[in-house]
Amino acid sequence: MKDFPPATYAFGYRRPPESGNAINGLGEAGRRRARPVFHASGGAPLAWKALDDFFSLINPWRVVRHVLWNAWQLRRSEGPVASTRRAVTDPAAMATAIKALALRLGASLVGVAEVDESALFEGRDPGLRYAVCIGLAMDRSEMRFAPQVRAAAEVMRSYRAVARVAVRLAEAVRAMGWPARAYGNPNSTDVLLIPLAIQAGLGELGKHGSMIGVEHGSNFRLAAVLTDLPLATDAPVDVGVQDVCTVCRRCVLDCPPQAIFEDPQLVRGERKWYVDFDKCIPYFVKTCGCAICIEVCPWSEPGRGPLISERVLSVRRARAQAAARGEPGSRAG
């Protein structure tokens, strides 16, 4: 482990709120929508609001200025829709055009998913069918300083930049006569961006609870545009993340509050990677956003992701072929 700040705190609750793990549905066998627990809640009660407010108050200006600028630009997340609607006869061609526009506007990654129950917060219904999911790579040279303020500033700069792409893309869609709403940090109060991005093929869920993609690892931030513009959707990808996370312990070993589980957990009826909220969030607050786990992840090293994916998938194919031939000691997966 590097010389990270210890998981000791000069702040805390006199009366601890409901466990964030309980709110998130850790250990629940039944399926349900997620409930807000930290950051923007869209007006819903927020059990951890005091710590959320404290987090906002202790961030230095070099971080806060990006937050304020982002909030200002996200006032344009919605707007008037052109009265003349552009007809769409080929959703695949329109999806290609929208993705190309997102890339021209500055996106690093883009994909399309259909909005379903798994990506909606409890009690929220944006009323829009498709999500254009946008990823923007962070500056790795800055993120190497995690969990210092320098890295926190880069995180918020990236959220600001990816939200700008989403806002401009939403404006372009509305100019076609179709409703569109941009979502970013901190206004993602209707939808969970990670489940949408997984469905849109931007990557897979990693052991550290964040996205992992081939090109940028976990070193990118998300935004989305929800719309009814007819679009062909993408599919989830399998780039070998689960194979690696099952045996890799890098993020587990480097997490000062020991918040990362070794194995997938049952969360709202689904077994998946999950981070202990109650252990993670105080350290997240203390370090202005932490980001240790996503930066020590081997996938985040520039140029390494494609090599890891190619190697893992080739080993998997070889094992499957050997199993199909009935060779002793071989196994698929």
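The values are calculated or read from the model by the stated rules, or taken from the named source; none is laboratory data. Just so we're clear, the structure is a prediction, and the values are computed from it rather than from any experiment. Counting neighbours? That spans all protein chains shown, and the Cβs are built from the backbone with ideal geometry, glycine included. Note: areas computed on protein heavy atoms with side chains; ligands, DNA, RNA excluded. Shrake-Rupley method; radii C 1.70, N 1.55, O 1.52, S 1.80 Å.
Residues of segment 246-263 that are closer than 12 Å to ALA7 by Cβ, among the hydrophobic types (A, V, I, L, M, F, W, C) and more than 20 Å from the chain's Cα centre (by Cα): none at all. Of all residues in segment 243-259, exactly one satisfies the criterion of being buried (at least 24 other Cβ atoms within 10 Å of the Cβ) and either in contact (Cβ under 8 Å) with a residue 60 or more places away in the chain or part of a loop (DSSP other than H, G, I, E, B) (or both), namely ALA259.
Number of residues in segment 39-82 that are assigned to a helix (DSSP H, G or I) and not acidic (Asp, Glu) equals 24. Note on segment 194-226: among residues that are out of contact with any helix residue (DSSP H, G or I) (no Cβ under 8 Å at 6 or more places or on another chain) and under 15 Å from PHE121 (Cβ atoms), the one that is least open to solvent (accessible area, probe 1.4 Å) is LEU226. Could you please give the count of residues in segment 120-153 that are among the polar types (S, T, N, Q) and surrounded by 15 or more Cβ atoms within 10 Å (Cβ to Cβ)? Final tally of qualifying residues: 1. Looking across GLY289, GLY326, GLY240, GLY269, one residue alone is at positive phi, among the small types (Gly, Ala, Ser) and without any contact (Cβ under 8 Å) to a residue 40 or more places away in the chain. It is GLY326.
Answer yes or no as to whether GLU301 is touching a residue at least 40 places away in the same chain (Cβ under 8 Å), acidic (Asp, Glu), closer than 17 Å to MET211 by Cα and out of contact with any Gly (no Cβ under 8 Å at 6 or more places or on another chain). No.
A quick yes/no check of all residues on (1) open to solvent by 20 Å² or more (accessible area, probe 1.4 Å); (2) at pLDDT 95 or above; (3) in a strand (DSSP E or B):
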site	(1), (2), (3)
ARG181	yes, yes, yes
PRO186	yes, no, no
VAL237	yes, yes, no
ASP263	yes, yes, no
LEU266	yes, yes, yes
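Candidates in segment 85-119 are the residues that are assigned to a loop (DSSP other than H, G, I, E, B) and either hydroxyl-bearing (Ser, Thr, Tyr) or open to solvent by 40 Å² or more (accessible area, probe 1.4 Å) (or both); of these, the one that is modelled with the lowest pLDDT is ASP116.
At least 2 residues being at pLDDT below 95 is the threshold, and among the helices (runs of 4 or more DSSP H) wholly inside segment 271-333 those reaching it are 304-324.
When we screen ALA119, ALA107 for residues that are touching a Pro at 6+ places or on another chain (Cβ under 7 Å) and in contact (Cβ under 8 Å) with a residue 24 or more places away in the chain, the only hit is ALA119. Taken over segment 5-36, the criterion of being open to solvent by 50 Å² or more (accessible area, probe 1.4 Å), under 19 Å from LYS286 (Cα atoms) and under 22 Å from the mean Cα position of the chain (by Cα) is satisfied by no residue. If you take the residues of segment 71-84 that are open to solvent by less than 70 Å² (accessible area, probe 1.4 Å) and within 30 Å of ARG35 (Cα to Cα), which of them is farthest from the chain's Cα centre (by Cα)? Residue satisfying both the conditions and the ranking: GLY79.
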